[in-house]
Each structure stands twice: as C-alpha cells, then as structure tokens.
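Taking it in order: structure first as structure tokens, then the write-up.
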Amino acid sequence: MKRFLFDIKSDAIVIEEIESMTFMNPILSSVYLRNDQFYTTTQAIVPFSRFLVYSQEGDQMSGVGDYPDYGIEMPSMVAVDVFSGQLISNPQKDKMVLAYEYTDLIEIYDEKANLLKRIHGPHQFVPDFDIGDRSGTPYMKRVFNKIQHAYKSLAASEKLIFLLYANGKTVKPGEGETSIHHNKVLAIDWEGNPLAFYELDHAVTSIAVDWKKRIIYGLDRIESEVYAFPF
C-alpha cells in the first residue's frame, strides 16, 4: 500500500509517493480504514479469522471475526477460498458490508468488525464445491456446472448498497470472458433490507454508481466499453 502527495498546478497534477508499506499476510482487494487502523479481508489462515487488523504503519495487530458455518467440514485453507467476498464501507454509519462470491450471503459489520447481521439474497444457495489435493495440500476445486456464483461488484452511498449479482449461475466450459459478465443488481439499505432488484439490458463485469444523477455505470471487458443505466 502506498501514500501519495498531490499538488495541483496550473497545467498539471503532480503526484509524489511519500510512503509505502507491505502487509505481513496476503490480503484480498478489500481494505477498510477506520481512524488509525486497517481492516482487511484476507487469505491468511494464521490467525484463522474473517478480518486482519493492521496499524496505520502496516503492522499486524490482531485477527477478528468468524467465517460463516453451513455445517460443511473443510480445511481452513479451503475455507478462505470458499468464503471469498468483497467488502465495502460506510464511514458515515460506521458500518461495513461483506458480500460473498460463492454463496448467496451478505454480512453487515460495525466499524470494529463485529457481526451485526447476516442475510441471504434472492436464491439462498450455499457453497457447492469439491476439495482437491496439491502435493498433500487441500484446495477449493472449482467444478464447472456445480459452483454457483453470487456477488461480483459493490457500490455504496450513505443510504444504499448496490450489488452486481451473478444470479446463482454456474460456468460452462468455453464461456471465457462472458462468464464474468452479469446483468442483475440487488439494492439493499445499511440495515440489510432489500429494496429493489434491477435487470440491466447489457451484462457487465463491475459497477459504479452516480447517486445524484441515478445512473449505474457498468464495465464490459469484452468490448472495453462503459455502459450507463438510469434507475
């Protein structure tokens, strides 16, 4: 992680790197900064916790939170893949939302990563996978036509959360880039109440939202185009 200094001049923006840090454990793409601490989703198994907490200097402080439990026994190194998800925060409400990739589950946490609520989305499916073996190390084996996909991209305002939803689809061999494009968007509030379920007229791989103009922007990686959907 790096910090930069921005200086706006008459004809240019000057960006200067002033500090960088390396985290001790692998982290996923989701990081939440609260005061002087970072909360990250992680693939670490020591400690085996839902989040890792780091100081502002990048020093690991603790692990917090538990993984979901569907009564499916699995090694910890498999669970970190099965329960991979995306995190988004709302500093105005001191909350975070974690939406899972392979199970139709959404979790709401407070600013200290205490679980407040778990809710299921439209289809309520649980993870379905095989366990493979690599030289004695178990791993999550992704099987065509078996693993269902859930939440792929998140956008949030102070009041709303929009989630690009794969609609429980499975992936067929040979689908390539089309397999990561989706056209369903679930809207909930920060209490976990479902508000709307949108169907886009073009599939996209990620979303961003202009909340004032009420436009969902979606990226099509196949066409390298951005589409705009009013709502």
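Applied to region 45-59, the Karplus parametrisation 6.51 cos²θ - 1.76 cosθ + 1.60 on θ = phi - 60° returns per-residue 3J(HN,Hα) values of 10, 10, x, 8, 9, 5, 10, 10, 10, 10, 6, 5, 8, x, 7 Hz, with x for Gly and Pro. Treating r as the C-beta distance of His120 and Ile8 and R0 as 41 Å, the FRET efficiency rounds to 0.35.
Our analysis of the chain gives Rg over Rh at 0.98, with the two radii drawn from alpha carbon positions and Rh computed by the Kirkwood formula. For the chain, the relative contact order works out to 10 percent when only alpha carbon pairs closer than 8 Å and six or more residues apart are counted. Site-free segments of the chain were taken between trypsin sites (Lys or Arg not before Pro) in DSSP loops having at most 12 other Cβ atoms within 10 Å, sites themselves excluded; the longest one is 10-145.
How high is the FRET efficiency from Val46 to Lys93, r the C-beta distance, R0 35 Å, rounded to 0.05? In this case the efficiency is close to 0.65. Excluding same-chain neighbours fewer than eight residues apart, the lysines reachable from Lys95 by a Cα-Cα span under 16 Å are Lys112, Lys117, Lys159. Look at Leu154, Leu164 and count the other Cβ atoms within 10 Å of each Cβ; fewest to most, that gives Leu154, Leu164. Phi angles across region 98-108 convert, under the Karplus curve 6.51 cos²θ - 1.76 cosθ + 1.60 with θ = phi - 60°, into 3J(HN,Hα) values of 10, 10, 8, 8, 10, 8, 7, 9, 10, 10, 10 Hz, Gly and Pro given as x. Partners of Lys93 within straight-line reach, counting aspartates and glutamates whose Cα lies under 12 Å from its Cα and excluding those fewer than 8 residues away in the same chain: Asp110, Glu111, Glu158, Asp189, Glu191. Distance between the pseudo-spin-label points of Asn35 and Glu175 (7 Å out from Cα toward the beta carbon): 4.4 nm.
Taking amide hydrogens as placed 1.01 Å from N in the peptide plane, the amide H of Arg221 sits under 5 Å from those of Thr205, each at least 5 positions away in sequence or on another chain. For region 115-132, backbone phi angles converted through the Karplus equation (6.51, -1.76, 1.60; θ = phi - 60°) give residue-by-residue couplings of 5, 9, 6, 10, 9, 9, x, x, 10, 6, 9, 9, x, 9, 7, 10, 9, x Hz, Gly and Pro being listed as x. For GluC sites (Glu not before Pro), the sites in region 160-225 that DSSP calls loop and that have at most 14 other Cβ atoms within 10 Å are Glu175, Glu191, Glu223.
Note on the chain: with a GNM built from Cα contacts shorter than 10 Å, the maximum mean-square fluctuation among Gln86, Gln56, Gln43 falls on Gln56. Around Lys117, which amide H atoms from residues at least 5 apart in sequence, or from another chain, sit under 5 Å from its own amide H, with H modelled in the peptide plane? So Lys117 has HN proximity to Ile108. Would you mind getting me the FRET efficiency between Asn145 and Met1? Use the beta-carbon distance for r and R0 = 45 Å, nearest 0.05. Here the calculated transfer efficiency is 0.70.
We did not get these values from a lab; they are worked out from the coordinates using the rules stated. The model shown is predicted, which means the values in this text are computed figures rather than measured ones. Glycine gets a Cβ as well: all are built from the backbone with ideal geometry, and neighbour counts include every protein chain shown.
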